[in-house]
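What follows is a set of notes on a single structure, which appears directly below.
The values are calculated or read from the model by the stated rules, or taken from the named source; none is laboratory data. Computed from a predicted structure; not experimentally measured. For neighbour counting, all protein chains shown are included, and Cβ atoms are generated from backbone atoms with ideal geometry for every residue, glycine included. We work out accessible area using only protein heavy atoms, side chains counted, and drop any ligands, DNA or RNA first. Shrake-Rupley method; radii C 1.70, N 1.55, O 1.52, S 1.80 Å.
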Amino acid sequence: AMLEPDRGLSLTIARVVQRLQGSSLHSQLERQARVSLHKPEIKLESLKEDVKDFLKTSGWEKKLQNAVYSELNVFPSPCHPAAPPEHIKEPLAYMRKAQGSWEKRILKSLNSMCTELNIPLAQKRPVNEQKELLNKWNEMGTDEPDLSLFRPVYAPKDFLEVLMNLRNPNYENGEQPSFRNHLGLIQVPLKVKDIPELKEEFSELGLNIGQLGIDDSAQVPPEFFENEHVRIGQKVLAEQDSAAAQQYVRQGCPTALRADLWALILNISNQPEDILYYEQLKSNVIQHDLLVDSLIYKDVKLTASNDDYYFVFEDYLYQVLLCFSRDTSVLEHFTYSSATPPKSYIRGKLGMEEYAVFYPPNGVIPFHGFSMYVAPLCFLYHEPSKLYQIFREMYVRFFFRLHSISSHPSGIVSLCLLFETLLQTHLPQLFYHLREIGAQPLRISFKWMVRAFSGYLATDQLLLLWDRILGYNSLEILAVLAAAVFAFRAVNLMEVTSLAAAEAVLADLSTLKVMPLLQIFLFATVT
């Protein structure tokens, strides 16, 4: 007799079916099936099989597979059916609590700015302002409003202070078995991978495997590998299979194919309804003025506008980020994020739930450096609605984890712990030296990880790094790279005697080559 199939699997299938039922793909499939009924090759006696065959040969089955694959990549594996929804958000109560009080702090900061500057969170733009904004939509960067009074709601270093103060209440006064010897800034016991486990996870980065981003591999002449890799990449694109594309990019993307491969992995096809949705977001930006608009504007001015690589994309950044703040579909990711979207109450109705609205509408308050999540994507996508969808998908799959408190292996707390553990284990002398002089390594690397290295690496190198984030559906590689950078500069770092001097040694990462650093650290370190 058959064993009862895995309960988890049936739950997963039920959830995926439920999620796809309301999608536009579902209605497109129905439409295609109806259209196929008029085709001569469809026979009544074998109707079901013939329609299935038609959907297969016409490429619709592939689209369905990709949609299912996309769901499985984004949503966590289902908890026990009796588990409360907050467990899907974050299983550890003390992490949920810490995230909650961090959110209160952010909101307090936002609200006090409102009060100080005497501007509302949201207001309708007067008609003449609407016209003006519409006319300069493609050149918003030429505007120079006075933003001197606005300040970022928080910066990465404020967030690091919060993470340093995290404690698991079950372990009083640091009596944590096996964790007692962790001398880093992060003092919560989470399980992180060691080098043997990382080698296994990132096996495609091994020394004897061809890689884009490595110029002098002894095994394979690089141009031979590259030509062959491009050929396979074209085949993967022709097949339109998300899972195959995800496997493929682990060895890096050829520049000419990257935009299409990432779109395939993220299952973004920029359909007419997607373009229409983007236009609706845009008209919402035109009609309403939000306080976060000024924060976004200020952030772009402080970061991307001063960046040698990204300043040319200033206008794209405003468009994408302003539309993003209005996008209520982003709220969906809060079902599997430890964060909760902030609420605001219509004036005079404080605390009355029926008058509560999420603020900003997407539930995400931007912080200092947020626009750098979008900037690198501007190199790949030049059509605003496509750029927008790619960014939104990258955000709800990956980037949200870099600024929320959780125990997830790709969450920023785990990344910090992984980084510190790798250094303490494999470069103990360096780790102790920096600790002794008050230059805890995480104080330097934290901002790199929070931004996924955007704005720190040269763009070609950053894109090779993000290839691997997509390929492995994980952010752990950020912590590995951060540790590899310290290993690479270890000799110089052993000579410094202050935090400022250590920061100076690591101030410029723009000449680093990501793949050799990762390979040497993972596969040539003696363990």
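Worth pointing out:
- The three principal axes of the Cα atoms in the range 425-527 give end-to-end lengths of 38, 31, 20 Å, sorted in falling order.
- The phi torsions of the range 268-281, fed into the Karplus equation with coefficients 6.51, -1.76 and 1.60 and a -60° offset, translate into couplings of 10, 10, 6, 6, x, 5, 5, 5, 4, 4, 4, 4, 5, 4 Hz, rounded to whole numbers, with Gly and Pro shown as x.
- Along the range 232-248 the Karplus relation, 6.51 cos²θ - 1.76 cosθ + 1.60 evaluated at θ = phi - 60°, assigns HN-Hα couplings of 5, x, 5, 5, 4, 5, 4, 6, 6, 10, 4, 5, 5, 5, 5, 5, 4 Hz to successive residues, with x for each Gly and Pro.
- Residues whose amide H falls under 5 Å from that of His288, counting only those 5 or more places apart or on a different chain, are Arg125, with hydrogens built in the peptide plane.
- Amide proton proximity set for Ala122, modelled H, under 5 Å, gap of 5+: Leu291
- Distance between modelled label sites at Tyr345 and Lys157, nm, 7 Å Cα→Cβ extension: 3.7 nm
- Three-way shape label, the range 31-167, alpha-carbon gyration tensor, a/c 1.5: oblate
- Three-way shape label, the range 5-78, alpha-carbon gyration tensor, a/c 1.5: prolate
- Listed residue pairs exceeding 29 Å between alpha carbons, taken from Lys89/Lys136; Lys157/Lys298; Lys199/Lys447; Lys108/Lys193: Lys89/Lys136; Lys108/Lys193
- Values of log10 I(q)/I(0) for the range 237-374 across q = 0.13, 0.19 Å⁻¹ run -0.76, -1.26, by the Debye formula with one identical scatterer at each alpha carbon and no solvent.
- Label-point gap, in nm, between Asn128 and Thr335 - each point 7 angstrom along Cα→Cβ: 4.7 nm
- Share of carbon and sulfur in the accessible heavy-atom surface of the range 5-78 [1.4 Å probe, %]: 59 percent
- Contact order normalised by residue count of the chain, Cα under 8 Å, 6+ apart, percent: 19 percent
- Solvent-accessible ranking of Glu116, Glu393, Glu228, largest area first, probe 1.4 Å: Glu116, Glu228, Glu393
- Lys343 long-range amide H proximity, modeled H, under 5 Å: Tyr359
- Under the combined filter of DSSP loop state and at most 14 neighbouring Cβ atoms within 10 Å, the range 419-518 retains these GluC sites (Glu not before Pro): Glu495.
- Listed peptides 255-268, 401-414, 53-66 by packing density, highest first (mean Cβ within 10 Å): 401-414, 255-268, 53-66
- When only Cα pairs below 8 angstrom with a gap of at least 6 residues are kept, the range 5-78 shows a relative contact order of 42 percent.
- Partner lysines whose Cα lies under 27 Å from the Cα of Lys39, excluding those fewer than 8 positions away in the same chain, are identified as Lys48, Lys52, Lys56, Lys62, Lys63.
- Each residue of the range 185-201 is assigned a 3J(HN,Hα), and the resulting list reads 7, 8, 10, 10, x, 10, 7, 10, 6, 9, 4, x, 5, 5, 4, 5, 4 Hz, derived from the Karplus form 6.51 cos²θ - 1.76 cosθ + 1.60 (θ = phi - 60°), x at Gly and Pro.
- Considering only Cα atoms, the convex hull volume of the range 205-300 works out to 148 Å³ per residue.
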